[in-house]
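Take a look at the structure set out below.
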Ligand code: SRM
Ligand SMILES: Cc1cc2nc3c(=O)[nH]c(=O)nc-3n(C[C@H](O)[C@H](O)[C@H](O)COP(=O)(O)OP(=O)(O)OC[C@H]3O[C@@H](n4cnc5c(N)ncnc54)[C@H](O)[C@@H]3O)c2cc1C
Ligand code: SF4
Ligand code: FES
């Protein structure tokens, strides 16, 4: 076996290895991959999505660790190669290891370029506190952590990365100012007019943009306090993100005597100049004077490299990529290829601009060939344009047809127009042909095709085109993604069907459901949702299986980052007594509770309680659970109301307590947080609660539903205005029960209410248009009757060791049996 | 493939509820032992490689356990993460006279314990 060593476990390195494996490399090479980042291989492009919170880290990994093992690849993650000895044919790594190779592939990518700006660095800790770059998972994590508790961020650089960073960081409530030294945004890809329109769209997102702004210094003594521009202006901020471009990682190559200019020099075979055994691929290479900063070219390079390394096709050659980029930047579709502005007087230049809608399209034609195009906001024609650009296809006489589909079924056209080789997803290098054959191989859902090919899982700008192609390939026979409507991933049914089946078959435990409805196949991810549903449906008849519950619901407390728990006793309506406070204080002393905190839900949180102490803490508190841990009815916040407040027009405290007493602890698809406030000044924030009650003049009460002020902010919709507290309680019961029975798992009321529609909810719950009311009330009454304070379990645990620590705190008694013996 | 193995009796299997896990100190390690619904046992390191979460508090099915802190999933048989985390160590576990017996390999860990695959480092 030959030894193949790869330096760099990024997108190009990993892709090259995949291509090599596809060409039978598994039997030919023993492969070792070095990756400085201590992770498997992930899709760097998706860091933008991780930053903006639309994707979680787990979702962006391309090759799982098992993949490396299955393919016999020794992954040396977290290990940096420091030197290549070309003569001895070994690489030396920072862990002291020396690894011999027969063939070496260098794929070290790039790192952020940080301009020499005064105050950027800090004598002791590399960058100044509060200064970040954007390249790796770790960078992304660090930014997220820091943005959470800071207010104003300045992003330096108005290119792809800067815009993505600016957009992403907004999710954390920071004010974002974007500084760009050139006159227009993304000037590398866009002409001036397009750049100006893009700027408008970006500013509409609430991002402040300063162009022609050169950053002279980062100011602030031990943490960032602002930046100073060359023109003297000062911009205060407590966080700085530098996205001023990238530089290829060539140090190792240069140090080892390989030919390096701006990047590592390679020939058309992706072989390092004059190095028979060393190849290079990705952003770290310079080919025919060109370096690339986008993934599309890497895919082409990786193929050629694999053909050469495996000897599959010695004639394979890379001739450079015509950089046609298609991206989603800060939510705006952008496509650009070739020239951005005409060069000769007889170049045809066709432009359409609609700044208000943020749309801009231009094409540049020379001798009847497309030599440049820019699309902004509407990229529906990008498919054809890219091909025309690549292959010099004949162009329609009516040039405007290059910019618009004039009549005719657009979708089919562009989907049919494309030929099989055309790359649809640039992020993951998926061609139309690959999509079509996947569909023909029997995958008939969009999601299925996307999973199988990874198409559309990058920046997402190609999703619509992928959808069109799948539709076209399936000849209209596209199937809906069934799983999208399932209540939980492990049982193939939507909620109504699932509830019907559960009732029909009388399934009262989670395992019973798996046995009867999922072919006996348990699914951990589905358990929590099923527990909630079964408890809601069967009340006292539900057969408990502790293992099926999330830890919080096994021990009736909220697990914390360190594995301890938080205890939040019930404090109805946020009203307490000196006696209660004394007891809480005593408990806090007795168990040396690390933190006692007033919660946003108007009660008191004892944080950092050890699992094994929970029963004792509950016993000493002698207060019921506040359910601060469950997907259940949480709190009813109140204000002082008419009893004390000079503006109060209703006794909000009394009503709040009454509501909490009735509906306490009910499990539900998502948390239910309520509030009652004594007048429209809304001190109890009732407008932004799952259900909020507002006392209005004349002894009447308004009931709002579907409000939120958490990750998502929404004012509730007015369900009804009623004359008495009793009516409030009745309608609240109907609404909560309807939500419990009809909302999807983890669907908060802020999405449920708009989904069903407030009009329909009024008809069903207030006017009782379909006669559901009585049923809802009966089932709610039953649920209320089944309420038991879970903290009573402290006295007699539900399972052995229910409250035993799961942490390596106290070593348990242990008896060695015997030495030796076999596994 | 045999190797030196130090085995420890850690507690009565009856004290380990079906479908749940408990953490035990085994030699120098802390091990989470799962009793699956089909009655079979799995033993993996009790501390999540992601951020130290308590694996014994996770939800499990026949194949995986999901850490309660950030929902990373680990294969109970191999210890491998399905979500790009470093693997959990897997330990041999058996029942002897109603007692859980967990083995800690004294040598040749990598070929005895899948998942602790030597080279994966902190991937
Ligand atoms: C303790 C508390 C913060 C505080 O110190 O004030 C808190 C703590 C947590 N909140 Fe909260 N939330 C707390 C009030 C709120 C509020 C304000 C309120 O309840 O009036 C909100 C906005 C209202 C809402 O729910 O929308 C709130 C919106 C969230 C969200 C976002 C929910 C959403 O979909 O928008 C999450 C995340 C989630 O639920 O997935 C969350 C999740 C959490 C979790 C459970 C995260 C977790 O799973 O560990 C935190 C548990 C810490 C612990 O163990 O105590 N918490 N959280 C508050 C407890 C209230 C109580 O007494 O029960
Ligand atoms: C936030 C973000 C968004 C992006 N969005 C897009 C987009 O929408 N479209 C697009 O086309 N492109 C996008 N890109 C660019 C794209 O990610 C890169 O073109 C691509 O990742 C380059 O792949 P690579 O393998 O050459 O480099 P990398 O992916 O950076 O991989 C290089 C790897 O080698 C490792 N390494 C370096 N030196 C050593 C050493 N001495 N020893 C061991 N390991 C080493 C590094 O740690 C790194 O893991 C984006 C990039 C970022 C950061
Ligand atoms: S308490 Fe709520 S807001 Fe604070 S960190 Fe936890 S989840 Fe986030
Ligand atoms: S600690 Fe286990 S998933 Fe984060």
Q: With a point put 7 Å past each Cα toward its Cβ, work out how far residue A:391 is from residue A:786 in nm, to one decimal.
A: 6.3
Q. For q = 0.12, 0.14, 0.22, 0.27 Å⁻¹, what log10 I(q)/I(0) does region A:21-95 give under the Debye formula with an equal point scatterer on each alpha carbon and no solvent?
A. -0.46, -0.61, -1.05, -1.17
Q | C-alpha long axis of helix A:725-742 to longest principal axis of chain A, angle in ° | A | 40
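Go ahead and run the numbers for FRET between residue A:319 and residue B:70, Cβ-Cβ distance against an R0 of 41 Å, rounding to 0.05.
Here the calculated transfer efficiency is 0.35.
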Q) Counting only other chains, what is the mean number of Cβ atoms within 10 angstrom of the Cβ of each residue in peptide B:40-50? A) 1
Q) For region A:537-661, what class follows from the C-alpha gyration tensor (a ≥ b ≥ c being the square roots of its eigenvalues): rounded when a/c is under 1.5, otherwise prolate if a/b is larger than b/c, else oblate? A) oblate
Q: Using every Cα-Cα pair within region A:606-653, state what percent have a distance larger than 16 Å.
A: 61
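Take peptide A:560-566, look around each residue's Cβ out to 10 angstrom, count Cβ atoms belonging to other protein chains, and average those counts.
Average per residue, whole number: 3.
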Q. Given 10 Å bins starting at zero, what is the percent of C-alpha pairs of region A:474-607 in each, up to the one with the largest pair distance?
A. 11, 30, 21, 22, 13, 3, 1, 0
Q) Given only helices, namely DSSP H runs of n ≥ 4 each adding -39500 (n - 2.57), what is the per-residue ellipticity at 222 nm of chain A, to the nearest 500 deg cm²/dmol? A) -9000 deg cm²/dmol
Q: Would you mind telling me the antiparallel percentage of the DSSP bridges in the protein assembly as shown, rounded to 5?
A: 70
Q.
With the crude spin-label approximation of a point 7 Å out along Cα→Cβ, what separation in nm comes out for residue A:1 versus residue A:586?
A. 6.9
Q | Tilt relative to chain A, helix A:578-590 - C-alpha long axis, 0 to 90 degrees, to 10 | A | 50
Q. Hey, could you pull the Cα Rg and Dmax for region A:203-246, both in Å?
A. 11.4, 34
Q. Where the convex hull is taken over the Cα atoms of chain A, what is its projected area averaged over directions, in nm²?
A. 44.5
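Using per-residue counts of other Cβ atoms within 10 Å, averaged over each peptide, order A:206-218, B:82-94 from highest down.
Working: A:206-218: 17.7, B:82-94: 22.0.
Result, highest mean Cβ count within 10 Å first: B:82-94, A:206-218.
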(Q) Give the average over all directions of the projected area of the C-alpha convex hull of region A:137-240, one decimal, in nm². (A) 6.6
**Q.** C-alpha long axis of helix A:524-538 to longest principal axis of chain A, angle in °
**A.** 30
Q: Once you have a ≥ b ≥ c as the square roots of the Cα gyration tensor eigenvalues for region A:354-454, tell me rounded if a/c is under 1.5, and otherwise prolate or oblate according to whether a/b is larger than b/c.
A: prolate
Q: Could you order peptides A:771-784, B:4-17, A:359-372 by the average number of other Cβ atoms within 10 Å of their residues, highest first?
A: A:359-372, B:4-17, A:771-784
Q | Most to least packed among A:18-26, A:309-317 [average Cβ atoms within 10 Å] | A | A:18-26, A:309-317
Q: With an 8 Å cut-off on Cα pairs and a minimum separation of 6 or more residues, tell me the relative contact order of region A:145-204 in percent.
A: 32
(Q) Given axes a ≥ b ≥ c from the Cα gyration tensor, I'd like to know whether region A:44-131 is rounded (a/c under 1.5), prolate (a/b larger than b/c) or oblate. (A) oblate
Q: Return the average number of partner chain Cβ atoms within 10 angstrom of each residue Cβ along peptide B:60-67.
A: 5
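Rule-based calculations on the coordinates, nothing more; no lab input. These numbers come from a predicted model, not from an experiment. Backbone-built Cβ (ideal geometry, glycine too); neighbour counts: all protein chains shown.
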